[in-house]
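Enquirer: Here it is: the structure, laid out below.
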Amino acid sequence: MKQPLQINNLNANMLYRLIYVISICCLVGCGVLPKGISYVGEERVFGKSFNRTFTTLRRDAENWEPAWELGIAIKPQKDGRINGIRIKNPTAGYVRLSVWDADTKLLIQTLNANISDTLNYNFIFCEIPITANKTYCISINVRKYYYYNLPFNPLPLNVNNISLLYSVYEETPYQRFPQNNVASVYHGLIDLDVDFKTN
């Protein structure tokens, strides 16, 4: 007669520890790359600070106004990567999304962002490395956009190893570095999913 499988205390303890470690990694979004670099990430790093406290406002270009290149300037405190950009915009269809090195004003990457939902955030997958203490701008080129007024809580906003420094903008229908900035408005409602190196 076969005996039922017995798990002694040592094996059960090891099993519980393994399950605990796997659960923690899944909860905090930890990942390990082949070269041994590990990351821990967070989704919508800035949106959590704004969603419940500010009214979403909208601006549309008048007939004589051109489009705007507008968005946000960020500065990470640790090395990492942007692995997703989230955009809430009333423009249905594809918009040009630009990632800039704000220190040199050079373009790092251009993406076509599909705005399929004009009332909620749309996710755009990307993998863009970011360096600690370097400033980046992320902008879209649109003729209409959502924004938050921040009269009593101006930027910067510092959260989890990254700062939202200010909003950026330039009145242009072309892909151009947005040189103007303002701290009392959150232009374009752009948010990020970011991973930071843990070692």
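Enquirer: Which one of Phe125, Phe177 is touching a Lys or Arg at 6+ places or on another chain (Cβ under 6 Å) and not acidic (Asp, Glu)?
Expert: After applying the criteria, what remains is Phe177.
Enquirer: Of all residues in the stretch 70-86 being crowded, with 20+ Cβ neighbours inside 10 Å and either closer than 15 Å to Gln109 by Cβ or outside the structural domain of Val182 (by TED's automatic domain parsing) (or both), which is nearest to the chain's Cα centre (by Cα)?
Expert: Result: Ile85.
Enquirer: Scan Ser98, Ser163, Ser116, Ser139 and give me the residue that is loosely packed, with under 13 Cβ neighbours inside 10 Å and among the polar types (S, T, N, Q).
Expert: It is Ser116.
Enquirer: Same structure again: Asn13 fails exactly one of the following numbered conditions: (1) farther than 29 Å from Phe152 by Cα; (2) part of a strand (DSSP E or B); (3) modelled with pLDDT of 55 or more. What is the number of that condition?
Expert: (2)
Enquirer: If you don't mind, there's one more thing I want to ask. Which numbered condition trips up Tyr147, out of (1) crowded, with 16+ Cβ neighbours inside 10 Å; (2) over 19 Å from Pro90 (Cβ atoms); (3) within 18 Å of the chain's Cα centre (by Cα); (4) not polar (S, T, N, Q)?
Expert: For Tyr147, the failing item is (2).
Enquirer: Separate question: Looking only at the stretch 71-101, which residues are in a loop (DSSP other than H, G, I, E, B) and under 15 Å from His187 (Cβ atoms)?
Expert: Matches in the stretch 71-101: Lys88, Asn89, Pro90, Thr91.
Enquirer: Now for a separate question. Out of all the residues in the stretch 176-199, which are surrounded by 15 or more Cβ atoms within 10 Å (Cβ to Cβ) and closer than 19 Å to Thr104 by Cα?
Expert: Arg176, Phe177, Pro178, Asn181
The values are calculated or read from the model by the stated rules, or taken from the named source; none is laboratory data. All values reported here derive from a predicted model rather than from experimental measurement. Here the Cβ is made from the backbone with ideal geometry for all residues, glycine too, and neighbour counts use every protein chain on show.
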